[in-house]
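Here's the structure, in structure tokens; my notes come after.
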Amino acid sequence: MARARELFPGGVNSPVRAFNGVGGEPFVVERGEGARIWDVDGNEYIDYVLSWGPLVLGHAAPVVLDALRDAMARGTSFGIPTGLEVTLAELVRQRMPHVEMMRFVSSGTEATMSALRLARAATGRDLLLKFDGCYHGHGDSFLVRAGSGVATLGLPNSPGVPDALAAMTLTSPFNDIAALEATFRSHGDKIAAIFVEPIIGNAGFIAPDPQFLPALRRLATEHGALLVFDEVMTGFRIAQGGAAEYFGITPDLTTLGKVIGGGLPVAAYGGRRDLMNLVAPSGPMYQAGTLSGNPLAMAGGIATLQALTPAVHDGIASRTRALVEGLRGIAARRGVPFTADSAGSMFGFFFRAEPVRSFADAKTADVELFRRFFHAALRRGVYLAPSAFEAGFVSAAHGDAEIALTLERLDDALVEVR
Ligand code: KE4
């Protein structure tokens, strides 16, 4: 880490990895296998971060490694159409039929930046509406009251984003329909798109009230704005077909990442064919990428989605529920204010008695206790996200034994720090 700090800001290549949200020194990972990772000092951890979501099959999944070995023998990049990108896109569309047409890119940030440019091009409008605590990558327009690392580091917004541009981003509290309707009353005809994490995973785990997403759909349609589901985290995790399937709401555009590449750099934006046909070279909206559709990354995504069958998904979801129910039981037994929730293979918890419905709620949770709990868990071989404002993930490699062992260790950790 000393050498890394000479080379990278904070010694890391992404801020959330620096442990600023929990204090202390990050560990350096040596390798991962299944549900476990080992650091360079030989310590073993059951991993609930899973590279911040992509590893739904666990680390070094044999089917993914086999697919990569096979693909790389034929070359690692062409910048020329390949059959692999067609195969992965068809697997995506099978699960998300509303993603009629898509474009692969290499990160969730690229996907959301491109989807925003497309929404502005399609509507001829400038304003973006996002929700407090949602994180949609580090594109300039999104770094306004964002979640994830922005929230973890307590940054109100980011310097370097011109005021004139930030002024085009409207924010509203998640789950507050009255505030949303007021925003639409005063700006509705200038809003190009609503971006939402259908379940927020970047302010901790925050589920929508039953009427919230339908209200977004209704208001977007009424005011001629596009509804964009940022499913970089929820896609293929809360259901095979993501939030669109889970909540039965059809967005106009969808952004995907993480699981879609199974740990390789794949992300995508897509949706209505009439919108996607505006994207170059079919239409005038420009977006491009040297490594978009990279054959190795495509092979990783194909192997992952093919292995993520409904039965495998349901198995992970039930073990995720068992984990959350177990955590609730531990907190109740130890008399610690606690609320937890899960959807599919994604979960989150807060040290707070009442349910968390917004970013403002999340910020009243006991972050100090979370910090102590994080380190007590780590010392016992359980790696949770190093921030109170992130979600947790379970993989196909987390069996009943891993869940039971995790609960035992976390109970012991809570007794130490409560
Ligand atoms: P990337 O550019 O990091 O691939 O994706 C950005 C992004 C977009 N939308 C959502 C809903 C996301 O969760 C993310 C990325 N999530 C963060 C943490 N939850 C990735 C971790 C990091 O920033 O290092």
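The values are calculated or read from the model by the stated rules, or taken from the named source; none is laboratory data. None of these values were measured; they are calculated from a predicted model. Glycine also receives a Cβ, built like all others from the backbone with ideal geometry; neighbour counts cover every protein chain displayed. For the accessible areas, the whole protein counts, side chains as well, though only heavy atoms, and no ligand, DNA or RNA atoms are used. Shrake-Rupley method; radii C 1.70, N 1.55, O 1.52, S 1.80 Å.
Short version: ³J(HN,Hα) in whole Hz for each residue of the stretch 268-276, in order, from phi by Karplus 6.51 cos²θ - 1.76 cosθ + 1.60 (θ = phi - 60°), x for Gly and Pro, what are they?
Once θ is set to phi - 60°, the couplings for the stretch 268-276 become 7, 10, x, x, 4, 4, 5, 6, 5 Hz.
Rounded, prolate or oblate, given the Cα gyration tensor of the stretch 125-185, with a/c below 1.5 counting as rounded?
In terms of gyration-tensor shape, oblate.
Nearest 20 debye, what's the magnitude of the dipole of the chain about its Cα centre given +1 on Lys and Arg Cβ and -1 on Asp and Glu Cβ?
My answer is approximately 280 debye.
Once you sort the root eigenvalues of the Cα gyration tensor of the stretch 14-71 as a ≥ b ≥ c, which label holds: rounded (a/c under 1.5), prolate (a/b larger than b/c) or oblate (the other case)? Provide the component values of the computation, followed by the final result.
On the way: a/c = 2.41, a/b = 1.86, b/c = 1.29.
It comes out prolate by the Cα gyration axes.
Pop a pseudo-label 7 angstrom from the Cα along the beta-carbon direction at both L291 and K190 and give the gap in nm to one decimal.
Rounded to a tenth, the inter-label distance reads 3.8 nm.
When the convex hull of the C-alpha atoms of the stretch 1-152 is computed, what volume per residue in Å³ does it have?
185 Å³
Considering only protein heavy atoms, with the full assembly of protein chains and a 1.4 angstrom probe, order Y45, Y135, Y286 by accessible area, largest first. Mind showing how you got there, number by number?
On the way: Y45 15, Y135 60, Y286 155 Å².
Accessible-area ranking of Y45, Y135, Y286, largest first: Y286, Y135, Y45.
So between N157 and L65, what do we pick up on full extension, going 0.36 nm a residue minus the alpha carbon distance?
Length gained between N157 and L65: 29.2 nm.
What length, rounded to one decimal in nm, is gained on full extension from V312 through to R334, with 0.36 nm per residue of separation minus their alpha-carbon distance?
Details: separation 22, 0.36 × 22 = 7.92 nm, distance 3.32 nm.
Working it through step by step, the gained length comes to 4.6 nm.
For the stretch 62-307, what proportion of DSSP beta bridges, expressed in % and rounded to the nearest 5, is antiparallel?
In the stretch 62-307, DSSP labels about 40 percent of beta bridges as antiparallel.
Tell me, what is the FRET efficiency for T250 and A179 to the nearest 0.05, using R0 = 25 angstrom and their Cβ-Cβ distance as r?
So, using R0 = 25 Å, E works out to roughly 0.60.
Skipping prolines and chain starts, which residues have an amide H placed within reach, meaning under 5 Å, of the one on G392, given they are 5 or more residues away or on another chain?
F347, G348
Average the reciprocal distances over every distinct pair of alpha-carbons in the stretch 62-307, invert the result, and give the Kirkwood radius in Å.
About 18.2 Å for the stretch 62-307.
Residues with amide H under 5 Å of A193's amide H, sequence separation 5 or more or different chain, H placed in the peptide plane at 1.01 Å from N; which?
L129, L226
So what is the 222 nm mean residue ellipticity for the chain from helices alone, if each DSSP H run of at least 4 adds -39500 (n - 2.57) and you divide by all residues, rounding to the nearest 500 deg cm²/dmol? Don't skip to the answer; put the middle values down first.
Values: 15 runs with 160 residues, N = 418.
Computed mean residue ellipticity for the chain: -11500 deg cm²/dmol.
Enumerate the lysines that K258 could reach by cross-link, defined here as Cα to Cα under 30 Å, with residues fewer than 8 away along the same chain left out.
K130, K363
Whole percent per 5 Å bin, from 0 to the bin with the longest distance: what is P(r) over all C-alpha pairs of the stretch 284-387?
Histogram of Cα-Cα distances, whole percents per bin: 2, 10, 14, 17, 15, 10, 10, 11, 7, 3, 1, 0, 0.
Give a residue-ordered list of calculated ³J(HN,Hα) values for the stretch 284-294 (Karplus: 6.51 cos²θ - 1.76 cosθ + 1.60, θ = phi - 60°; whole Hz; x for Gly, Pro).
x, 6, 8, 6, 8, x, 4, 9, 4, x, 3
If you average the alpha carbon positions of the stretch 396-417 and of the stretch 320-371, how far apart do those two centres end up, in angstrom?
So the separation of the two Cα centres works out to 15 Å.
Using the alpha carbon gyration tensor of the chain, what are the three equivalent-ellipsoid semi-axes (square root of 5 times each eigenvalue), largest first, in whole Å?
32, 27, 20
If a helix is a whole DSSP H run, which ones in the chain reach 20 Å or further along their own axis (Cα) and hold a mean Kyte-Doolittle hydropathy of at least -0.5?
In the chain, the long hydrophobic H runs are 108-123, 310-333, 400-417.
May I ask you to evaluate 6.51 cos²θ - 1.76 cosθ + 1.60, the Karplus curve with θ = phi - 60°, for each residue of the stretch 11-19 and list the ³J(HN,Hα) values in order in whole Hz, giving x for glycine and proline?
x, 9, 9, 7, x, 4, 6, 7, 6
At 0.36 nm per residue, minus the direct Cα-Cα distance, what do E222 and N43 gain on full extension? Give it in nm, one decimal, please.
The span from E222 to N43 would gain 58.9 nm if fully extended.
Can you give the FRET efficiency for D140 and L7, using 1/(1 + (r/R0)^6), R0 = 22 Å, r = Cβ-Cβ distance, to the nearest 0.05?
Given R0 = 22 Å and the Cβ-Cβ separation, E is 0.30.
Once amide H atoms are placed 1.01 Å from N in the peptide plane, what residues at a sequence separation of 5 or more from S172, or on another chain, have their amide H within under 5 Å of its amide H?
K130, F131, D132
So what are the stretch 236-328's ellipsoid semi-axes, whole angstrom, largest first, if each one is the square root of 5 times an eigenvalue of the alpha-carbon gyration tensor? Working shown, then result.
Working: eigenvalues 183, 63, 21 Å².
Calculated on Cα positions only, the semi-axes equal 30, 18, 10 Å.
Between D209 and E368, what is the FRET efficiency for a Förster distance of 30 Å, r being their Cβ-Cβ separation, to the nearest 0.05?
0.60
Which log10 I(q)/I(0) values does the stretch 177-287 give at q = 0.12, 0.20, 0.21 Å⁻¹ under the Debye formula, counting every alpha carbon as one identical point scatterer?
At q = 0.12, 0.20, 0.21 Å⁻¹ the computed log10 ratios are -0.46, -1.14, -1.21.
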